[in-house]
Amino acid sequence: MNSPVFGEFIGTFVLILFGSGVGASTSLKKTLAKGAGHDWLYVAFGWGVAVMLGVYTSGFFGSPGHLNPAVTIGFAVNGTFEWGQVVPFILAQVAGAFVGALLAAIQFWPHFKETKTDEGNSVGIFATGPAIPNTLFNLLSEIIATFAFVLSIQILPASDMPVGLQPLVLVFVLVAIALSLGTTTGYAINPARDFGPRLMYVLMPIPNKGGANWGYAWIPIVGPIVGACLATLLIAALS
């Protein structure tokens, strides 16, 4: 759909969604940003750069750089990715997340030994969790955040920006999501990014570790998949 009027609508929608999200994240009680303070900006940029490096690395080996089952499934749903490749991609993504989390755990093993559960040694180092447990709204948070993320990354290829610069812009997309919509549930927006590290935390003998919060673990799987599918279907319908 090439409509200046609709463009004004959707552009203002994105502006206020992200802007209001930032306001709520910094003003309301018990958001993850409120609890972490300036550290939340550290987390936001750290994860943004991590995704950028992952996309560049996967691209070097000929991958489209999904790194995310929700993205893979969403693109398959709208017909831009082969269904026959979905399961292999997802298995590779989860396995990669597991091994990446394991190497990070080994890197910090002595620090796990020095840190008790109530001092920060928790599954939250590797996986996400809600600031306020509420099944419905936690699920909606992941759907909305992933919808915004996938909508954004589908728009990037349509711009005149060189392909090689798109992962760099992705950093700022993720930082924007972290600062605006990610402070309710930790913005998993990626089932592999949550499930693989959570599984590693359970299986490996990490010193002083706490529980894995498996009761919550389905939300960062289902929510991102629903959000990604909605975004890809919307773009397909309007294209």
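Any read-out appearing in this document is the output of simple, stated calculations on the displayed coordinates, not a laboratory observation. None of these values were measured; they are calculated from a predicted model. Here the Cβ is made from the backbone with ideal geometry for all residues, glycine too, and neighbour counts use every protein chain on show.
Can you pull a Stokes-Einstein diffusion coefficient for the range 50-179 at 20 °C (1.002 mPa s), Rh from Kirkwood over Cα pairs, as a whole number of µm²/s? Don't skip to the end; give the middle numbers.
Values: Rh = 17.0 Å.
The diffusion coefficient I find is 126 µm²/s.
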Report summary line: Mean Cβ-within-10 Å packing, highest first, puts peptides 99-110, 65-76 in the order 65-76, 99-110
Query raised in the report: Which one of P205, F9, G59 is farthest out on the positive end of the charge dipole of the chain, using unit charges on Cβ (Lys, Arg +1; Asp, Glu -1) and the Cα centre as origin?
Result: P205
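Grab the alpha carbons of the chain, take their convex hull, and tell me the volume per residue in Å³. Walk me through the numbers before you get to the answer.
Details: hull volume 30.6 nm³, N = 239.
Taking only Cα atoms, the chain has a hull volume of 128 Å³ per residue.
What does the helix-only formula give at 222 nm for the chain: each DSSP H stretch with n ≥ 4 adding -39500 (n - 2.57), the total divided by the residues, and the result rounded to the nearest 500 deg cm²/dmol?
Computed mean residue ellipticity for the chain: -21500 deg cm²/dmol.
Ranked from highest to lowest mean number of other Cβ atoms within 10 Å per residue, what is the order of the peptides 143-154, 86-97?
Packing order, densest peptide first, comes out as 143-154, 86-97.
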Query raised in the report: Under unit Cβ charges (Lys, Arg +1; Asp, Glu -1), what dipole magnitude, rounded to 20 debye, does the chain have relative to its Cα centre?
Result: 440
Requested in this report: Show which lysines lie in cross-link reach of K209 when reach means a straight Cα distance below 26 angstrom and same-chain residues fewer than eight apart are skipped.
Outcome: K30, K34, K113, K116
